[in-house]
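Scroll down for the structure; my scribbles are underneath it.
FYI, it's all coordinate maths here, none of it is from the lab. Being a predicted model, the structure only gives us computed values, none of them experimental. Ideal geometry is used to build each Cβ from the backbone, glycine not excepted, and the neighbour counts take in all protein chains shown.
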Amino acid sequence: MDSKNITDFENITEQEKNDILTEMKQNYIKNIKYIGSDDKTMFSWSSTKKLKFYIILVNNNLNLHLNNLIIFAEENYKDDLVLLNRLKETSIYDFERVNEFQEKEKINQLIEFGFVSKDIKPIKNSYFSIHYDKTNFTFALKRFIEIFSKKEFENSNNKLQQKSDFKFDYNPSQYFINRFEIYKIIDGVNDLQFSEEMNQCLFAYKNECYYLTAAGLGGVVEHIMDIIIRNYGGDALEKLNKNPTASDYKNAFRRDPINIDKKQETRIDIIFRVRNSISHYSTGYSNKALVDIMLDGILHLYNEFYLPSLSYLKSNR
């Protein structure tokens, strides 16, 4: 990409876009590893989260030999890249009057000029501006990713330090509490709706909203059971109602080809009983312990039922 001139910059091919996104993601992951944090909730582009990046080429009236790249990102249903050449439109005083490092004002100006939609929701800490001379495109993106990931970490870290009553802790002897394992499940299931449900549950859990977490995890349990049943198909799927309840999911699991035994059924039943018990007891640390049981149950469903169902699905296509 370094050899591209300004005209090519705007007419980039889809394959080149994909190559750029792949390299950006690789650099992002490298920076997270360099930072040394396993807390993926601190980072906007971790795990299954998807971002849309805007890279806008604008005029730099203060330097005749350099232009500027303005870069920022917003959440999206898929990774995407929008490259805009706006050199001509920004070669006016009205654009120059807002300093390039005034983040909110500059984005509002981009909206005012019609370069981006008024509905965009830029991710905090993603705004970046850098000089561009047609030869440093790769460097500019690498630098953007470096600054972006560091600002995300530092901002999240500061919030955690300021919240003195934050009690979200981990027990290293119980691997199911470790959020990295949960994100492995999200990656393995690879379903957008499931990912969103699980991420919202983790957010509630992190903020000690255990009643909300339990309610959400109940839906997650039903969702992963539904995916398992659909992976297998057969009698279990045929007998599943259009609006299934927890009882319907358990009945489907009793049928071919899943055929759970009494011990497995009891373990699944415990998950739903725990969810219901929190509805009647919603104070104190005990709730966290009960929610941890639900997280353990979801990991059990993933390891014991989802992974075999995925293998079954692949071998029977």
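Here each label is just a point 7 Å from Cα along the line to Cβ, and for Asp235 and Lys88 those points are 7.0 nm apart.
Considering only alpha-carbon pairs that sit under 8 angstrom and 6 or more positions apart, the relative contact order computed for segment 6-162 is 27 percent.
So if each residue of separation counts as 0.36 nm, and I subtract the Cα-Cα distance between Glu105 and Asp187, what length gain in nm does that give? Could the numbers behind the result be given before it?
Values: separation 82, 0.36 × 82 = 29.52 nm, distance 3.68 nm.
Additional length available on full extension: 25.8 nm.
Annotation for segment 67-90 versus segment 109-149: alpha-carbon center distance of 6 Å.
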